[in-house]
Amino acid sequence: MIDGQPSPKQDSPAFDLETYLEQRKALVEEALERSLLVTEPERIYEAMRYSLLAGGKRLRPILCLATCELAGGTVEMAMPAACALEMIHTMSLIHDDLPAMDNDDYRRGKLTNHKLYGEDMAILAGDGLLAYAFESVATQTQNVPASQVLEVVAQMGRAVGAAGLVGGQVMDLEAEGNSETPLETLNYIHTHKTGTLLETCVVSGAILAGAADQDLQRLSKYAQNIGLAFQIVDDILDITASQEELGKTAGKDVQAKKSTYPSILGLEESKTQAKQRIEAAVALVDVYGEKAEPLRAIAKLILTRKN
Ligand code: GRG
């Protein structure tokens, strides 16, 4: 069990999430930049780098680093896994934006991969990133027992396959055009498309640090709660935020006649449900005291994010 420390007292300096995220993001950007250099054939490496280095909040790698540190590990131990998880996330965005899927022209405030490189290259850029994610976590992780690296590789495989992202995407495609999709199916889509990868980020960091099963289970529950809240907020932002704020086309869910939290429960109830999930997540990591400040702060940020 990870030792907790008492919660911060009134006079202890407040945790500065903005600075924390800025510093972590800079470390991740630097590692991603170094992780994928352009070699032959240049066009595919350029397409892979275009999307990988296009910005984004880097929430997934930051979560992975945070739980590794929470469980007594270091940033260095988790960085290859953190980068691999961002590669997987990026490939899922590239494929999601394809005409055969969500058909979007903008992502992260820039043209989507296929708009710039063509559909053929965008499919291959996604494939290249997915394969490289597994190669890099397996070959670049240092100072971690091989059994723990293997467990992370297995977790990542489970997260991206038909039991995770792929399965969620299939259900999402099947639900398109059906504004009567029940909440149960919507929850399946959200937890598989979005929640599973976030959970893998949280759990992978802790596995690399050698966390006990009991902590892994607690952190999994934390992740499931922030995962669903993240996607409820995504549904809300789709109807409340502008294209400039989102960096991608707004109002896509209504356009595709998709069921969403706001369309089923209304805007206010959706906000309440997201808030309840975040409160549950925060309560779950209370036991870790000050060490869990980053996880608590990230959970709260998910609720208030604007993109
Ligand atoms: C994984 C093999 C494999 C295939 C992909 C296309 C697909 C199958 C799945 C779709 C997954 C998807 C796009 C889910 C949506 C997740 C989501 C809410 C993304 C936005 O995440 P943010 O806001 O984005 O963290 P940034 O740009 O900040 O990283």
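Here are some notes:
- Residues in region 76-99 that are more than 10 Å from the ligand (Cβ to nearest atom) and in a loop (DSSP other than H, G, I, E, B): 1 in all.
- For region 230-240, a residue qualifies if it is over 23 Å from Leu295 (Cα atoms) and either under 20 Å from the mean Cα position of the chain (by Cα) or of a type outside the set (A, V, I, L, M, F, W, C) (or both), and the qualifying residues are Asp238, Thr240.
- All conditions but one from (1) assigned to a helix (DSSP H, G or I); (2) surrounded by fewer than 20 Cβ atoms within 10 Å (Cβ to Cβ); (3) within 16 Å of the ligand (Cβ to nearest atom) apply to Ile278; the one that does not is (2).
- In summary, Ala146 fulfils each of the numbered conditions (1) crowded, with 17+ Cβ neighbours inside 10 Å; (2) more than 19 Å from the chain's Cα centre (by Cα); (3) aliphatic (A, V, I, L, M) with the single exception of condition (1).
- Pair list, Cβ under 7 Å, 6 or more apart: region 157-177 residue closer than 20 Å to Ile264 by Cβ, other residue part of a loop (DSSP other than H, G, I, E, B) and not hydrophobic (A, V, I, L, M, F, W, C): Ala175/Thr181; Ala175/Lys258; Ala175/Ser259; Glu176/Lys258; Gly177/Lys257
- Pair list, Cβ under 6 Å, 6 or more apart: region 114-135 residue within 21 Å of Val152 (Cα to Cα), other residue crowded, with 16+ Cβ neighbours inside 10 Å and not aliphatic (A, V, I, L, M): Gly126/His95; Leu129/Thr90
- In the set (1) surrounded by fewer than 17 Cβ atoms within 10 Å (Cβ to Cβ); (2) in a helix (DSSP H, G or I), the condition left unmet by Leu197 is number (1).
- Here Ala229 meets each of (1) within 13 Å of the ligand (Cβ to nearest atom); (2) modelled with pLDDT under 95 with one exception, condition (2).
- Of everything listed in (1) assigned to a helix (DSSP H, G or I); (2) of a type in the set (Ser, Thr, Tyr); (3) over 22 Å from Ala299 (Cβ atoms), the single unmet condition for Thr67 is (3).
The values are calculated or read from the model by the stated rules, or taken from the named source; none is laboratory data. Note that the structure is a prediction, hence the values are computed from the model and not measured. For neighbour counting, all protein chains shown are included, and Cβ atoms are generated from backbone atoms with ideal geometry for every residue, glycine included.
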